[in-house]
Structure formats: structure tokens, C-alpha cells
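Nothing in this text is a laboratory measurement; each read-out follows from the coordinates by a stated rule. Only a predicted model underlies this, so the values are computations on that prediction, with no experimental measurement involved. FYI the Cβ positions are ideal-geometry reconstructions off the backbone, even for glycines, and counts take in every protein chain you see.
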Amino acid sequence: MTRSSANWSAQPGGYDALHCERHIWSSDSPHGIPNLQPQHFDLPADFRLLPYRSRLDRLDPNRDLCHFYLDDYRFESTWARLDIGARHVSGYFATLTPDFSLYPDWPIAAQLWNTYRSRWLGRYWQEGGIRVIPTVNWSDQRSFTFCFDGIEPGQILSIGTADCRRAHVQRRFESGLAAMLERLQPRALIVYGRLQPQQRGLIEHSGSQLLEIGPPLGSGYASSPSRPEGSLHEHPLRLPRVPGYLLVVQARAEVRQQEDRLPTARPADRRRIAARGLEQTPGRSQRPPAAE
């Protein structure tokens with residue numbers, strides 16, 4: 001802000017990068033984290049969870065939900081360019097709020113800022129008539145003082161699972177999960193990832209409806225909710241028909257089968273087969289003789 005800024009005919013693009021001049025939403029949080037409006041909708045029975053920036057011409061606005069369980073840089077544009085983010089998420093039945101990262105070794109100020117941004121965007125989208133499902137994230141117990149702010153109890157919420165192969169990560173995740181269930185008491189919880197049995201039991205014991213969704217290995221896509229006791233491999237036909245994904249999986253499987261049928265093939269030939277997919281490239285000794 002400058003003395004002459006009120007006289008500008010147009011504002012520069014980064015004039016209000018923090019969006020503090022645009023809107024200061026109402027807040028019950030001591031940190032000013034915006035309040036999200038209560039939800040007045042139910043989830044479609046056959047909803048799908050698709051990542052931000054999915055192709056709009058392939059979305060079903062009657063059942064598709066937008067998620068942000070991606071690397072942060074992939075959805076930073078939702079904050080930097082509000083019009084682009086809002087225009088995209090408006091094509092879904094509903095959208096989750098951005099899952100900006102919180103890490104225990106980050107400064108509390110950075111964790112607060114990412115929580116603030118997630119709630120701010122959710123409220124901004126709600127004001128535009130978009131259905132919003134809060135994404136809840138936490139790091140360690142220090143974050144419990146702010147990471148649940150701005151969300152009324154009894155809402156539909158979503159969380160992403162942590163890599164619980166390490167004991168200390170599992171303890172942090174389960175501690176935050178218990179604190180979230182006690183404070184927010186969600187009526188339904190969309191879980192992106194795979195829960196361990198004790199984590200699943202914790203959610204079911206709280207009375208929340210569990211909607212557990214396992215992402216396909218190696219991709220950012222998920223499909224319709226599987227049964228809580230099920231796994232991704234028990235529902236192979238419920239994977240989304242993402243362009244190229246299933247074809248690549250099928251091609252790799254057929255290449256492996258083709259390699260198994262050529263146990264005596266030279267390494268160079270096997271590499272050619274793998275590189276060219278399903279088409280076998282003969283070696284020098286297999287080439288037909290030149291025409292006379």
C-alpha cells in the first residue's frame with residue numbers, strides 16, 4: 001500500500017498476494033482462520049474422487065469430487081490465481097479444500113499459513129456457490145491448537161493417510177486422527193489411502209461413516225469408495241478409465257508375458273521388445289534373407 005494506490009486506474013497482478021484486501025472472512029479462531037459454512041448436501045452414492053486439474057470434459061458433475069492429494073506445486077495456482085482455481089473446481093459435484101502440507105519440522109508460522117489458506121479458499125469457493133468438503137491435515141500435537149479451526153462438528157470431512165511404515169509417523173497420525181474425531185465428530189469421513197485395522201476401528205467406533213478409498217499404485221487417481229473391509233485389488237473394475245493408465249498397465253503385463261516366451265532371447269532383443277511395447281523386434285539372426 002502506498003499513499004497514491006487509491007488513485008491507480010488498475011492494480012498490478014500481485015497487488016493483493018495475501019488476499020487480505022479482498023476478503024477477511026468471519027472467524028472464531030484466535031488465529032483468524034476463516035469459518036467454513038455448514039454443509040447442506042449429501043454425497044452421491046456412486047461418487048468418484050478425482051484429482052485437481054482433471055479434464056473437465058470428462059467429469060460427471062453429478063458425482064465427481066475434486067481432491068488435492070497431490071504435490072503442493074500442482075495446486076498452488078488455486079491460491080495464486082483465484083479465478084482459475086474456482087473455475088476448475090466448479091465443474092465437479094463438490095470439491096475438497098486444498099491439502100497444503102503440514103510437517104512437524106516446519107515452523108509453526110508456515111503450518112498456520114497453510115491451514116489458513118486451505119480454509120480461506122474453501123470459504124471463497126462456498127461464496128461462489130460451490131459445494132465444499134474440508135480436508136483436515138495435521139503434523140504433531142502442536143498443530144492441534146489450530147489445524148481443526150474453522151470447521152463445524154458433524155460435517156463431511158476428508159483426510160489422507162500417512163506413511164505408517166515408521167513407528168513415530170504412525171503414532172503422530174493416530175494421535176491426530178483421535179483428536180480430529182473427538183473435536184469435529186464428522187458424520188462421514190472420506191479417507192484417501194489405506195488405513196491399518198486399528199485406525200479403521202477408531203473411525204468406526206466414533207460413529208462416523210467411513211468411506212475409504214485406495215489410490216491406484218503409482219498414480220494420483222482414485223475411484224469410487226470401496227467397502228471398509230476391502231482393498232484396492234478386490235475392486236479392480238472400479239478404477240477410473242483414466243486415458244492411458246489402464247493401457248500402460250495392460251501393455252506392461254503383455255510385454256512381460258512375451259519376454260517369458262523368449263527365455264533364450266538376447267538382452268538387446270529383450271530391451272527392444274520392452275521399448276516397442278507389444279511389437280516384437282527380431283534379432284539379426286532372425287531377419288529374413290534379403291530378396292534376390
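Placing unit charges on C-beta atoms (Lys and Arg positive, Asp and Glu negative, everything else neutral), compute the dipole magnitude of segment 21-237 about its Cα centre in debye, rounded to 20. Can you show the working numbers first?
Details: 23 positive and 24 negative charges, 46 e Å.
Using only the charged Cβ atoms, the result is roughly 220 debye.
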Where Lys and Arg each count +1 and Asp and Glu each count -1, what net charge lies around residue 106 among other residues with Cβ under 13 Å from its Cβ?
-> -2
Phi to ³J(HN,Hα) by Karplus 6.51 cos²θ - 1.76 cosθ + 1.60 over segment 164-177, Hz, x for Gly, Pro = 8, 6, 9, 4, 5, 5, 4, 4, 5, 5, 5, 5, x, 4
Counting only residues 5 or more places away or on other chains, whose amide H sits under 5 Å from the amide H of residue 90 once H atoms are built in the peptide plane?
-> none
Fewest-first sequence of 88, 67 by Cβ atoms within 10 Å of each Cβ | 88, 67
Can you tell me the relative contact order of segment 21-97? Whole percent, Cα pairs under 8 Å, sequence separation 6 or more.
-> 26
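Can you sort 158, 208, 27, 77 from fewest to most other Cβ atoms within 10 Å of each residue's own Cβ? The partial results should precede the final answer.
On the way: 158 25, 208 20, 27 17, 77 14.
If I rank by nearby Cβ atoms, fewest first, I get 77, 27, 208, 158.
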Diffing segment 128-145: the Karplus 3J(HN,Hα) column from phi (6.51, -1.76, 1.60, θ = phi - 60°), in whole Hz with x for Gly and Pro, holds x, x, 8, 6, 10, 10, x, 8, 9, 9, 8, 10, 10, 5, 4, 6, 5, 6
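Kindly provide the trypsin sites (Lys or Arg not before Pro) of segment 31-97 that DSSP labels as loop, not H, G, I, E or B, and whose Cβ sees at most 12 other Cβ atoms within 10 Å. Before the final figure, lay out each step's value.
Working: sites: 48, 53, 55, 58, 63, 74, 81, 87; in loops: 53, 55, 63, 81.
The qualifying sites are 55, 81.
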